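The structure appears right after this line, and notes come after that.
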Amino acid sequence: MKKPVIKSPFGKYITILEEADKDVKNKEEFGSILILTLVEEVGEMARAYLAEHGRKPTNLAAQRDETYEQELGDIIVSAIRFARIKNIDLHKRVMYTLGKIAKRKTSPKQ
């Protein structure tokens with residue numbers, strides 16, 4: 001079966017994840033696992049960022065683990081994986097959010 005061509009900035013990532021997740025992507029609990037993974041990765045990024053930028057300089061474990069830049073990559077991949085299994089057009093969602101940000105500049109909430 002020929003794989004569909006994905007025309008999105010995320011297409012290359014989604015193609016790679018299709019192969020990586022082929023054994024688990026259709027399992028009912030996979031979406032829940034990805035949500036938990038996303039929350040975990042956000043926590044890891046926060047811990048690493050706060051350790052590096054002086055808020056928690058004594059957190060030696062965070063300083064030995066991955067950097068917040070590396071954790072940000074984990075967050076993005078987790079979000080892409082979730083969007084893929086839920087058939088969410090991530091490019092469309094990002095463009096929608098960018099539009100909201102632009103609109104706030106011209107029409108701030110009162």
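The numbers here are math on the coordinates, done by the rules we state, and not lab data. Only a predicted model underlies this, so the values are computations on that prediction, with no experimental measurement involved. Heads up, the Cβs are rebuilt from the backbone with ideal geometry, glycines too, and the neighbour counts pull from every protein chain shown.
Observations on the model:
- Applied to region 77-89, the Karplus parametrisation 6.51 cos²θ - 1.76 cosθ + 1.60 on θ = phi - 60° returns per-residue 3J(HN,Hα) values of 5, 4, 5, 5, 4, 5, 4, 5, 6, 9, 6, 8, 6 Hz, with x for Gly and Pro.
- Taking Arg84, Arg104 and counting other C-beta atoms within 10 Å, the order from fewest to most: Arg104, Arg84
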